[in-house]
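Below is one structure; the comments refer to it alone.
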Amino acid sequence: MTGCTDDADGSSKSPAKSHAEPTKTRPTHDEQKLGKQVKEALGTQAIDDSDPLFVESGLERISDGIHTQPKLSPGTRYELKVACAGKGKIELSIEGGKPGHQTVGCDGVPATHRTSGSRSKLQIDTTAGPGAVGMVGWRISKIEK
C-alpha cells in the first residue's frame, strides 16, 4: 500500500519515507515496442488468415521462451523464422524433421531454418542466454513449390 505524507504546503512530516526502496521496478525494455519490432522482422504484423502458406506464429517474452510443436504435413517443405529484440542472445533448438541448434542475437534480425514435414513431431524451443531480455517471436510458413 502506498500513501502520501506531504502536507498541503508540500512539506513532508516523515523524511525517512523519501529514502524508501520502491517495491516494484519497471521493466527496462518496452515490451510493446520490442514486440512490434519482432513482428515487423517476421512479417506477422498484418497476417491474412486466408494466406494458404501461413502455418503459425507467436510472440513471447525471452524469459518465457518459445515452446511449440507445430503440426506439419509430411512431404511439405516449411520455413521457420525466429527473431528476438532486446538485449543479449537466445539459443534456438529444433528437434525432429531437420534438427538444428543456433545462437540468435536479439537485434531484430530473423534467423531462418528450413525443414520438411515428417511423421515425427517438430519441437521448437528457445532459452534465454545470460542477461537476455526482450521479446522473441516465430513464424512458420509453407514454401511454395
Taking amide H positions as placed 1.01 Å from N in the peptide plane, with prolines and chain starts having none, which residues 5 or more places from Ile62, or on another chain, fall under 5 Å of its amide H? Gly134, Met135, Val136
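Nearest 0.05, what FRET efficiency do Asp49 and Asp125 give at R0 = 25 Å with Cβ-Cβ as r?
Result of the calculation: an efficiency of 0.45.
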Label-point gap, in nm, between Ser116 and Glu144 - each point 7 angstrom along Cα→Cβ: 2.2 nm
Once ligands and nucleic acids are excluded and a 1.4 Å probe is used, how much of Ser63 is accessible, expressed in Å² to the nearest 10? 100 Å²
Phi angles of region 59-71, converted by Karplus (6.51 cos²θ - 1.76 cosθ + 1.60, θ = phi - 60°) into ³J(HN,Hα) in whole Hz with x for Gly and Pro, give 9, 9, 5, 4, 5, 7, x, 9, 9, 9, 10, x, 8
Neighbour-limited loop hits for GluC sites (Glu not before Pro), region 45-110 (at most 11 other Cβ within 10 Å; DSSP other than H, G, I, E, B): none
Could you go through region 128-142 in sequence order and give the Karplus-derived ³J(HN,Hα) for each residue, using 6.51 cos²θ - 1.76 cosθ + 1.60 with θ = phi - 60°, rounded to whole Hz, and x for Gly and Pro? 6, x, x, x, 6, 9, x, 10, 9, x, 9, 8, 10, 9, 6
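The values are calculated or read from the model by the stated rules, or taken from the named source; none is laboratory data. As the structure is a computational prediction, the values presented were derived from the model and not from experiment. Because the Cβ atoms are built from the backbone with ideal geometry, glycine has one as well, and the counts that use them run over all protein chains shown. Heads up: the accessible areas ignore ligands, DNA and RNA and are worked out on the full protein's heavy atoms, side chains in. Shrake-Rupley method; radii C 1.70, N 1.55, O 1.52, S 1.80 Å.
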